[in-house]
Structure formats: C-alpha cells, structure tokens
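Report on one structure; see the data block that follows.
No lab work stands behind these numbers, since they all come straight from the coordinates. Given the structure is predicted, the values throughout are model-derived calculations rather than measurements. Neighbour counts are summed over all protein chains in view; Cβ atoms, including those assigned to glycine, are modelled from backbone coordinates with ideal geometry.
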Amino acid sequence: MKSEELMEEWDDQEDLDEVSCSGGATRYEADDKTLYEHYRIVADPKQSLMRVDKFLMEHMNHTTRNRLQQAAEAGYIFAGDKPVKSNYRVKPGDVITLRLCRPRNELEIVPEDIPLNVVYEVAALLVVNKPAGLVVHPGHGNYTGTLVNALAYYLRDNKQYDPTDPRLGLIHRIDKDTSGLLVVAKTPEAKSELSRQFFNKTTTRTYRALVWGRFDEPEGTIRGNIGRDPKDRLIMKVYPYGGEQGKDAVTHFTCLEELTYVSWVECRLETGRTHQIRAHMKHIGHPLFSDERYGGNIMLRGNNTGSYKQFINNCFAICARQALHAKTLGFVHPVTGETMSFDSELPDDLTQLLDKWRKYSIQLADR
C-alpha cells in the first residue's frame with residue numbers, strides 16, 4: 001500500500017472521557033518528513049497488554065486492521081515518541097498516536113441558530129438538555145446541524161469561546177437519538193477538571209430506558225467489556241469482563257415499573273462507553289424499545305394478535321428512536337468545588353410512550 005493511500009481521512013466517534021483528538025494542530029519533525037497528529041489515545045489504567053493494531057481497532061471506526069498494520073509499517077503509529085510496529089503491546093497509561101504526512105482535514109464550525117435548552121450556565125460551563133435527533137459533534141456524514149454548531153451560535157458573543165479549540169467544549173457525548181443532559185466547558189481550566197472527573201469516574205449519571213421484557217430481580221449489575229463488533233463496525237459488542245477484548249464497562253439498573261411486556265428502568269453508569277446501555281441491555285436479553293440498531297424495533301414480547309401488533313406499531317410511531325433519556329447528571333463544580341446535581345424532565349415522545357403502555361397494562365389487567 002502506498003503511503004499516500006494511508007493519508008485518507010480517518011474518522012471516529014468515541015467516548016470523550018477516554019479519547020482526545022488533537023485536531024491536527026500538533027506537528028512533529030521525524031527524519032526527512034513532517035508528521036501531523038491525527039489521533040491521540042491514552043490507554044486505560046486497567047488496560048491489559050494488547051497488540052497496538054488490535055488496540056486501535058477497538059477505538060477507531062472507519063478503518064481495518066490491515067490498514068493499521070500498513071500504517072505501523074510506514075512508521076505512522078507511535079507509543080509515546082517512538083514509532084512502533086503492529087505487534088507492539090500497549091500497556092496501561094501508554095499514549096498511542098497516529099501521525100500522518102498531512103494535516104488533518106479541519107472542519108469549519110459554522111454557527112447555526114439551532115434552539116438550545118440551557119438548564120444551567122456560569123462563566124466556566126453550561127449544562128444543556130439535548131433533544132433526540134440532534135447529533136452532538138460534527139463527524140462522518142454530519143458536518144452541520146450539530147450541537148457543536150448550536151453552541152457556536154449560542155456563544156457567538158463570548159470572545160473566549162472558540163468552537164474549534166479542543167481545550168473547550170463538550171466533555172462527553174450521548175447518541176444522536178438519545179435525549180438528555182450534557183455538560184460543556186467554556187474555559188480550558190473547566191474542561192481539564194471536568195475531563196479528569198469523567199476519567200476518574202467520579203461523576204454521577206443516570207438514564208431512564210424502556211426495555212423489552214420483565215426482570216426476574218428488581219435490580220442488578222451488568223459487567224461486560226464493550227468493543228466494536230468486527231462484523232458490524234457501527235454497533236458495539238459485549239465481551240467477557242476483564243478480558244483482552246473491548247474496554248471494561250459496568251451498568252447498574254433498577255426496574256422502576258413493569259408494564260406487561262416491557263419494563264421502565266433506571267440505569268446508573270459506572271463507566272461511559274459508546275452505546276453502553278444499549279449494548280449491555282441487549283446482552284442480557286432486554287433490548288431498548290424501538291432501538292433499530294440493537295434489534296429493539298420489532299415485536300419481541302407479547303401475543304401475535306392483530307390488535308396487539310397494531311398497538312406495537314402505534315408505539316413505534318410515537319417513539320421512533322431508542323427509548324433512552326440521560327435524566328440526571330452530577331459533578332463537582334470546577335471553580336467553586338460545589339457538588340452540582342441536575343435533573344431533566346422526560347421528553348414528550350417518552351412521556352406519551354409510557355402513558356400508552358400504562359393504559360394498555362391497565363386494560364389487560366381488567367379483562
């Protein structure tokens with residue numbers, strides 16, 4: 001493979017509490033060529049020894065292992081400041097970078113007048129309640145109309161806020177079709193401190209989800225490593241907890257309400273992996289209701305009558321996305337040291353969906 005072929009844009013969507021992207025600003029002089037940093041990935045403190053090509057496959061979406069091996073052979077993959085071959089074993093705390101011979105294609109962040117529900121704001125940060133359907137960050141296939149574009153417009157008069165500065169902005173992400181709370185840093189100091197809290201898992205986050213099926217126990221804990229599915233790079237797969245594949249992930253859940261063939265649950269995240277709740281719930285046999293990517297958008301429980309099928313289709317029409325909401329968020333204020341706690345109301349589609357299932361359950365019980 002020619003080195004020019006390796007210079008194709010590499011794009012990724014990953015949990016921000018573990019991965020930081022340089023944005024292409026860092027440049028290195030290496031022998032007779034200048035290299036530009038495209039990705040910087042810090043290995044988790046609990047990272048087990050793993051080949052660097054396999055490690056990068058766990059973190060990057062739009063690539064292949066062969067491509068990564070070719071990049072390593074070309075001297076484009078580094079552990080610290082040293083280029084490494086694909087058989088290099090990543091250790092806890094290793095800083096793995098991908099450096100190419102051209103600057104990373106920079107996305108222009110165009111301020112867009114997109115409505116924002118700002119629930120809290122001070123000089124250092126703000127908290128927003130994101131609606132379902134809004135992509136968080138510009139990326140592959142979504143270069144405008146994102147939360148980052150909305151923030152650029154909302155903070156357009158703040159001379160200290162540059163939406164292209166990686167030292168500012170989003171601390172964490174939630175999926176496009178998940179609604180709920182996100183915290184945004186307006187200063188480098190706030191982002192550094194909040195990122196540290198997310199990395200050390202001292203923040204608190206709870207989600208509400210409607211899932212298929214009923215639980216044998218009212219509460220439980222799901223432990224399972226999460227990594228990309230090699231057969232479908234757009235979904236995450238659950239691997240044995242503590243194993244070499246994927247990254248460790250822990251979800252605690254409590255069943256709040258049983259509604260005949262579905263359950264309304266609260267999920268508390270101990271880690272913040274990509275699609276964590278969606279993948280974990282599918283893994284234990286309870287896919288999120290209406291979650292197309294993880295198989296929850298078909299009738300998985302209940303009878304086969306025409307009236308029930310119509311009821312389910314009506315429910316899908318009410319909530320045409322995974323039934324998941326990031327309801328609460330807690331962290332320590334990066335400036336004052338105060339413990340902050342935020343709670344958000346359920347969006348209309350989830351409220352209507354719950355009401356419909358509650359009425360159905362009552363009617364079924366009265367027969």
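Once you put a point 7 Å from the Cα of Arg301 and another 7 Å from the Cα of Leu49, both along the Cβ direction, what distance in nm separates them?
Result: 4.5 nm between the two label points.
Two decimals, Cα atoms only, Kirkwood Rh: what is Rg/Rh over the range 309-367?
Reported Rg/Rh (Cα atoms, Kirkwood Rh): 1.24.
Once a ≥ b ≥ c are taken as the square roots of the eigenvalues of the Cα gyration tensor of the range 43-103, is the result rounded (a/c under 1.5), prolate (a/b larger than b/c) or oblate (a/b not larger than b/c)?
It is prolate, given that a/c is not under 1.5 and a/b is the larger ratio.
Please provide three numbers in whole Å: the alpha-carbon extents of the range 108-253 along the principal axes, with the largest listed first.
That gives 52, 32, 31 Å along the principal axes, largest extent first.
So which of Lys282/Lys327; Lys176/Lys282; Lys191/Lys231; Lys91/Lys231 end up more than 29 Å apart by C-alpha?
In this structure, Lys191/Lys231 lie more than 29 Å apart at Cα.
Which percent of Cα-Cα pairs in the chain sits in each 20 Å bin, short to long?
27, 55, 17, 1, 0
How high is the relative contact order of the chain? Use alpha-carbon pairs under 8 Å, at least six apart in sequence, and give a whole percent.
14 percent
Give the share of C-alpha pairs in each 10 angstrom bin for the range 205-268, from 0 to the last occupied bin, in whole percents, shortest bins first.
Pairs per bin, as whole percents: 22, 37, 34, 7.
Can you give me the Cα centroid spacing of the range 204-265 and the range 162-185 in angstrom?
23 Å
Which of the listed residues, Val148, Gly242, Ser195, is farthest toward the dipole's positive end in the range 106-256, when Lys, Arg count +1 and Asp, Glu count -1 at the beta-carbon?
Gly242
Suppose the chain between Glu257 and Arg89 were pulled fully straight at 0.36 nm per residue; how much longer would it get relative to their current alpha carbon spacing?
Here the answer is 55.9 nm.
Using a Förster distance of 22 angstrom, determine the FRET efficiency expected from the C-beta separation of Tyr153 and Ser192, and round it to 0.05.
So, using R0 = 22 Å, E works out to roughly 0.30.
For Asp44, list long-range residues whose amide hydrogen, built 1.01 Å from N in the peptide plane, is under 5 Å from its own amide hydrogen.
Gly93
So if we plug the beta-carbon distance of Arg223 and Asn200 into 1/(1 + (r/R0)^6) with R0 = 22 Å, what FRET efficiency do we get, rounded to 0.05?
0.70
With only alpha-carbon pairs counted, each pair once and no self-pairs, how large is the Kirkwood hydrodynamic radius of the range 175-334 in angstroms?
16.8 Å
Can you give me the Kirkwood hydrodynamic radius for the range 269-367, using every pair of distinct Cα atoms, in Å to one decimal?
15.9 Å
Once the Cβ-Cβ distance between Phe311 and Asp348 is put in as r, and R0 is 25 Å, what FRET efficiency do you end up with, to the nearest 0.05?
Once rounded, the FRET efficiency stands at 0.85.
In degrees between 0 and 90, to the nearest 10, how far off the longest principal axis of the chain does helix 306-318 point, with axes built from Cα atoms?
Tilt relative to the chain: about 40 degrees.
What number, in percent, do you get for the relative contact order of the range 227-304 if the mean sequence gap of Cα pairs under 8 Å and at least 6 apart is divided by its residue count?
Relative contact order comes out at 21 percent.
Using 0.36 nm per residue, how much length does the chain from Gln363 to Val122 gain when fully extended, once their Cα-Cα distance is taken away?
Fully extending the segment from Gln363 to Val122 adds 82.0 nm.
Quick one: what are the phi-derived ³J(HN,Hα) couplings along the range 213-220, Karplus 6.51/-1.76/1.60 with θ = phi - 60°, whole Hz, x for glycine and proline?
x, 10, 9, 5, 10, x, 8, x
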